[in-house]
Amino acid sequence: MARPTAQPRAEKLSATVGAEVIGVDRDRLMSDEALPAWTLDALEEHGALVFRALQIDDEAQVAFSKKLGHVEVFGRGEYPEIFRVTLDPAKNPSAAYLRGTFDWHIDGMTDDIPIKATLLAAHAVATSGGETEFASTYAAFDDLSAEQQQRFGEVRVVHTIAASQRSVTPDPTPEQQALWDSRPAKVHPLVWRHRSGRRSLVLGATTDHVEGMEPTESRAFLDELLDNATKGERLYRHEWTVGDMVIWDNRGVLHRACRYDETSPRDMHRTTLTGDEPVQ
């Protein structure tokens, strides 16, 4: 097939986050050598990219992901890079943990270096609910006053698995609590200073408390920042159709799944690019 000559387009879907990619199909995804660099540039600009009705299989998703960066490996099998996002424990043994994705979060905040970006492809969708919402924490930082930007740059926040699970499992069993506690807490600055020169806020469900701040005050402070970052006019909500693929910049974009029934057939195939910069 001849290499496409027309440049793909990214059409904004909201004022602060999200753009739909026009002019890319599965064949172009696999053959256009210039597309990976264009995609990374567009991702930097828009935070999330929507490829509607792309209809890619796991082979194509993994191959394109590898063109964008180093891809995490989750298990075994033909495509160990694929992680299935489903509430069906027969398809994913970690299904119960995924109920925590109903809250705003940034992936990998209990790691030293969080995930760079995520690619999510829809293989089955919920009949009701199951949309994915996105909010830019680059924009949230930019909206702070100069005094706040400076002051918040000194704030450090403790992130834990337990914090991310409390809303869905408020009364854990001793075994559940022990499992959560087996993953060490991580301390990250509230403000992520990126190599690009941009700055974003590190918020979401994994935030347990601010170092040196009284617990009630700490929770109120973090909740207010999150509420401001995720106001309705700031969001892009993606209503999934089978075959859609969305890529988002995990370093500066919060996301969450809208609630859906646990018996839903919703089945999303995820690949993630390993992080390439620390939260410093």
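The values are calculated or read from the model by the stated rules, or taken from the named source; none is laboratory data. Since we're looking at a predicted model, the values are computed, not measured. No Cβ is skipped: glycine too gets one built from the backbone with ideal geometry, and neighbour counts run over all protein chains shown. Surface accessibility is based on the protein's heavy atoms, side chains included, excluding ligands, DNA and RNA. Shrake-Rupley method; radii C 1.70, N 1.55, O 1.52, S 1.80 Å.
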Can you pull out the residues in the range 90-124 that are open to solvent by less than 20 Å² (accessible area, probe 1.4 Å), polar (S, T, N, Q) and more than 9 Å from the chain's Cα centre (by Cα)? Asn92, Thr110
Open to solvent by 50 Å² or more (accessible area, probe 1.4 Å) and either farther than 25 Å from Glu262 by Cα or more than 15 Å from the chain's Cα centre (by Cα) (or both): does that describe Phe51? no
Does the range 132-153 include one or more residues that are on the phi < 0 side of the Ramachandran plot, among the β-branched types (Val, Ile, Thr) and in a loop (DSSP other than H, G, I, E, B)? no
Pairs please, first residue from the range 257-280 and within 30 Å of Asp112 (Cβ to Cβ), second anywhere and of a type in the set (Ser, Thr, Tyr) and open to solvent by 10 Å² or more (accessible area, probe 1.4 Å), Cβ atoms under 6 Å, 6+ apart in sequence or on different chains. Ala257/Thr101
Do we find that Gly75 is small (Gly, Ala, Ser) and touching a residue at least 24 places away in the same chain (Cβ under 8 Å) in this structure? no
Would you confirm, using the coordinates I've provided, whether Gln61 is assigned to a helix (DSSP H, G or I) and not aliphatic (A, V, I, L, M)? yes
Failed criterion for Met268 (all others in (1) touching a Gly at 6+ places or on another chain (Cβ under 8 Å); (2) of a type outside the set (Ser, Thr, Tyr); (3) open to solvent by less than 10 Å² (accessible area, probe 1.4 Å) hold): (1)
